[in-house]
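**Q** Encoded as structure tokens, here's the structure I'll be asking about.
The values are calculated or read from the model by the stated rules, or taken from the named source; none is laboratory data. Just so it is clear, the structure is predicted and the values come from calculations on it, not from any experiment. Virtual Cβ from ideal backbone geometry, glycine too; neighbours counted across all protein chains shown.
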2 protein chains.
Amino acid sequence: MDTLSFLQNTPLGKSLSETQMEILAKSATEKKYRAGQFIVGDGHEIRDFYMVVKGTVKMSKSSHDGKEQTLCLLGPGQLFGMCAVFSDCLFPANAMTLEKSTLLLVPDTVLKDLAREDPTILFNMLSILSDRLKEAMLLIESLSLMEVPKRVAYFLLFSNLKNTCSEGAIAKLAISQRELSKILGTTPETISRVLKKLVEENIIRVRGRSIRIINCEALEELATG
Amino acid sequence: MDTLSFLQNTPLGKSLSETQMEILAKSATEKKYRAGQFIVGDGHEIRDFYMVVKGTVKMSKSSHDGKEQTLCLLGPGQLFGMCAVFSDCLFPANAMTLEKSTLLLVPDTVLKDLAREDPTILFNMLSILSDRLKEAMLLIESLSLMEVPKRVAYFLLFSNLKNTCSEGAIAKLAISQRELSKILGTTPETISRVLKKLVEENIIRVRGRSIRIINCEALEELATG
């Protein structure tokens, strides 16, 4: 893989000078992971930032009795580990791959050195971290204030279709209904029941992991009403 | 108030040069708010950062049917509005005062100019934002994976006593049980019932907003077991 040209198209690489991009690319180590492989655990000390190159990484919290809540799913170009590096070096969740994945590891010292020359990379990180905090706030809102059907509609419209619903649009779930239930803070059975009801009401059609939107207005009403 | 010496002792002011501190202090506008006054709403566009000088600010999300979930409470020295300024300028929640409060407003342009000279202020903000994201992750964990008694124990030990429990320690709630219920994602009646049970089990003693810890071990067992 050409690390340099990959990094140029990520939120971290935005507006960086050519020299900075080269230093960043040279300092990064590529690492490959199997599907379902553990990357770093809640409370572990880290000294690197991670960037997803290929695949999907799940960040989650677990309880002692084995329940799990997904915090976010990260795909190509997305960064994690910032929170641990800028705060107290302790990783705040469990990170594992959902599929075969490739990551770049960048030592925090490199980013700190780059920043002392030109703060652009820090502005990029602040923007990434801000977006992550906004997403966490939305998840809190969803878990605390929305019933499950509303969470499902919200997820389809805003996380999946990025707020551009149209009749016939297809929301492709990159994950199983079991993983979806861990994002939406419920059980796979409840997700299955809610999707079935939406199908019966002729709002969506489900084929495997593809969900076709039949009635945008009804879905939006459910998500925001 | 001496803005300069106040800012020196905040996480934002940490390790800033004297010149930078002076520019920051001069650019800040002080604003006073009544108890329960609205500061900025979910989705509003902002161009300033806010810092609490005196009082308490509540950040929350609300549903159409009037339910409310508190995201965090912010006291003296704490910053908000970063998320909106570094992302898309849209404030991600509702901010209001819980008591008579004084805030400092700092234009984002000033922070951006300061950062171009010396990135220290950006490192400070990354650290603040990282801590905020970690807190949000803990709240998600609490809402999704913990029963209410565990949430209460967790709140007392980690948010209030900062993980330094000792027999006889007093957790002073700066807020009413009604406000506490909005943090812990439940009803005031449930909070009242849980506290009563902890009193009956001789784990805590409650007098108004003061909660005296009688049995640390039992409380820790409840929080983490």
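**Q** Report the residue count in region B:175-201 for those that are modelled with pLDDT under 95, part of a loop (DSSP other than H, G, I, E, B) and out of contact with any Leu (no Cβ under 6 Å at 6 or more places or on another chain).
**A** Number satisfying all stated conditions: 5.
**Q** For B:SER142, are the conditions met, namely being away from every other protein chain (no Cβ under 12 Å), buried (at least 21 other Cβ atoms within 10 Å of the Cβ), within 28 Å of A:LEU126 (Cα to Cα) and small (Gly, Ala, Ser)? Can you show your working first?
**A** Details: away from every other protein chain (no Cβ under 12 Å): no; buried (at least 21 other Cβ atoms within 10 Å of the Cβ): yes; within 28 Å of A:LEU126 (Cα to Cα): yes; small (Gly, Ala, Ser): yes.
So B:SER142 does not fit the description; no.
**Q** Counting only residues that are more than 14 Å from the chain's Cα centre (by Cα), among the small types (Gly, Ala, Ser) and surrounded by fewer than 22 Cβ atoms within 10 Å (Cβ to Cβ), give me the strands (runs of 3 or more DSSP E) lying completely in region A:1-119 with at least 3 of them. Show your work before the answer.
**A** Details: elements: A:29-33, A:38-40, A:48-54, A:57-62, A:68-74, A:94-97, A:101-107.
Because the criterion is at least 3 residues that are more than 14 Å from the chain's Cα centre (by Cα), among the small types (Gly, Ala, Ser) and surrounded by fewer than 22 Cβ atoms within 10 Å (Cβ to Cβ), no strands (runs of 3 or more DSSP E) in region A:1-119 meet it.
**Q** Another question about this same structure. Just to be sure before I move on: is B:CYS89 within 11 Å of another protein chain (Cβ to nearest Cβ), touching a residue at least 40 places away in the same chain (Cβ under 8 Å), out of contact with any Leu (no Cβ under 9 Å at 6 or more places or on another chain) and not aromatic (Phe, Trp, Tyr) in the structure I sent?
**A** On the way: within 11 Å of another protein chain (Cβ to nearest Cβ): yes; touching a residue at least 40 places away in the same chain (Cβ under 8 Å): yes; out of contact with any Leu (no Cβ under 9 Å at 6 or more places or on another chain): yes; not aromatic (Phe, Trp, Tyr): yes.
Yes, satisfied.
**Q** Every residue in region B:31-73 that is within 16 Å of B:LEU7 (Cβ to Cβ) and modelled with pLDDT of 95 or more, please.
**A** Within region B:31-73, the first condition is being within 16 Å of B:LEU7 (Cβ to Cβ), and the residues that meet it are B:31, B:48-54.
Passing the criteria: B:LYS31, B:TYR50, B:MET51, B:VAL52, B:VAL53, B:LYS54.
**Q** How many of the residues in region A:92-112 are in contact (Cβ under 8 Å) with a residue 60 or more places away in the chain and either within 12 Å of chain B (Cβ to nearest Cβ) or not hydroxyl-bearing (Ser, Thr, Tyr) (or both)?
**A** The number of residues fulfilling the criteria is 12.
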